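Heads up: the structure comes next, in C-alpha cells.
The values are calculated or read from the model by the stated rules, or taken from the named source; none is laboratory data. What you see is a predicted model, and the numbers here were worked out from it, not measured in a lab. FYI the Cβ positions are ideal-geometry reconstructions off the backbone, even for glycines, and counts take in every protein chain you see. The accessibility values were calculated without ligands, DNA or RNA, using every heavy atom of the protein model including side chains. Shrake-Rupley method; radii C 1.70, N 1.55, O 1.52, S 1.80 Å.
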Amino acid sequence: MNPFLLLAALLPAGILLARVYQLDKIEKEPPKLLLKMVLFGALGGALAALTEVLLLRFLSSRMQTGSIRYSLLVNFAVVALTEEFCKRLPIRVIAWKDPAFDYRFDAVVYCVFSALGFAALENVIIVARLGIGVALSRAVLSVPGHFFFAVYMGIYLGEAKAAEREGEGFLVDRYLAASLAVPVLLHGFWDFSLSTDRPIMTVVFYLFVLFFFILASLQLREAAELDTKL
C-alpha cells in the first residue's frame with residue numbers, strides 16, 4: 001500500500017486516540033492495556049466482517065433484498081449489532097477485570113481505543129481499494145462516527161462497572177444492556193439513513209450527524225470532567 005494512503009487511512013484514528021487520551025487527566029491507562037484494546041479492536045473488525053458476510057447470505061436467501069424490512073434488518077441487526085458487539089468484546093473480556101479499570105472514564109478510553117482499532121483496520125482496507133477521495137470523506141464522517149458510538153458505549157460501561165462495585169446487580173444488567181443498545185441504535189440509524197435512496201433521508205442523515213457529533217462531544221467532555229474513582 002502507498003505510504004501516503006496508509007497515513008491518510010490511519011491519521012484520523014490517531015488524532016482521535018490522542019484526543020481521548022488527553023482527556024483522561026486523573027490517571028493515564030497502562031500503554032500495554034491500551035495497545036491490547038487497539039489490536040483486539042482490529043481483530044474484532046475482522047470477526048465482524050466474517051460474521052456480516054454469513055448473516056447477509058442467510059438473510060438474502062430468505063428475504064426480498066429490496067424491502068424496507070430487509071434494509072432495517074441489515075443495517076440494525078446485521079451491521080450495527082455485529083460491529084458494536086465486536087468492538088465491545090475486548091473491554092468485557094480483557095479490560096473488565098483489570099486492576100487499571102478503576103475510574104468511570106476509563107471505560108470510555110477503552111471503548112474508544114477498541115473502536116478506533118476497528119475503524120483503522122476498516123479504513124486501511126477501504127482506502128487501499130478506493131483511494132484518497134474516500135479517505136477524506138471517511139476522515140470527517142465514518143471514523144468520528146465510530147469514535148462517538150464508542151463514547152456512548154463507554155459512558156454506560158463505566159456506570160455498569162460502578163454499579164458492579166456497589167453490588168447493584170439490577171443496575172449492572174441495565175447499564176450493560178444500554179452500553180450495547182444505544183450504540184447499535186445510533187449506528188443502525190446512521191447506516192439506514194445512508195442506505196435509503198431518497199433525498200429527504202440524505203438531509204436527515206446530515207442533520208443527525210451534526211446533532212449527534214455536537215451532543216456526543218459535550219457528553220465526552222462532561223464525562224472526563226466529572227470522572228470519579230470506582
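Across segment 161-218, the number of residues qualifying as acidic (Asp, Glu), under 25 Å from Val20 (Cα atoms) and without any contact (Cβ under 8 Å) to a residue 12 or more places away in the chain comes to 1.
Inside segment 73-86, residues that are open to solvent by 70 Å² or more (accessible area, probe 1.4 Å) and either more than 25 Å from Phe113 (Cβ to Cβ) or of a type in the set (Phe, Trp, Tyr) (or both) make up a count of 1. Among the residues making up segment 90-108, a single one is open to solvent by 50 Å² or more (accessible area, probe 1.4 Å), part of a helix (DSSP H, G or I) and over 21 Å from Leu220 (Cα atoms): Val93.
Candidates Ala181, Ala150: the one that is closer than 17 Å to Arg88 by Cα, surrounded by fewer than 16 Cβ atoms within 10 Å (Cβ to Cβ) and modelled with pLDDT of 95 or more is Ala181. Residues considered: Leu180, Leu215, Leu176. Of these, the only one that is within 17 Å of the chain's Cα centre (by Cα), more than 20 Å from Asp106 (Cβ to Cβ), assigned to a helix (DSSP H, G or I) and among the aliphatic types (A, V, I, L, M) is Leu215. Taking the numbered list (1) at pLDDT 95 or above; (2) over 22 Å from Val143 (Cβ atoms) in turn, Ser61 passes all entries but (1). The residues of segment 23-72 that are outside any helix (DSSP H, G or I), open to solvent by less than 90 Å² (accessible area, probe 1.4 Å) and either polar (S, T, N, Q) or in contact with a Cys (Cβ under 7 Å, 6 or more places away or on another chain) (or both), listed by number, are Ser61, Thr65, Ser67.
Filter segment 80-106 down to residues that are aliphatic (A, V, I, L, M) and either out of contact with any helix residue (DSSP H, G or I) (no Cβ under 7 Å at 6 or more places or on another chain) or under 16 Å from Ala181 (Cβ atoms) (or both), then give me how many there are. Talk me through it step by step, then tell me what you get.
Of all residues in segment 80-106, those aliphatic (A, V, I, L, M) come to 80-81, 89, 91, 93-95, 100.
Okay, now just the ones that are also either out of contact with any helix residue (DSSP H, G or I) (no Cβ under 7 Å at 6 or more places or on another chain) or under 16 Å from Ala181 (Cβ atoms) (or both), so 80-81, 89, 91, 93.
Going through segment 80-106 one residue at a time, the tally reaches 5.
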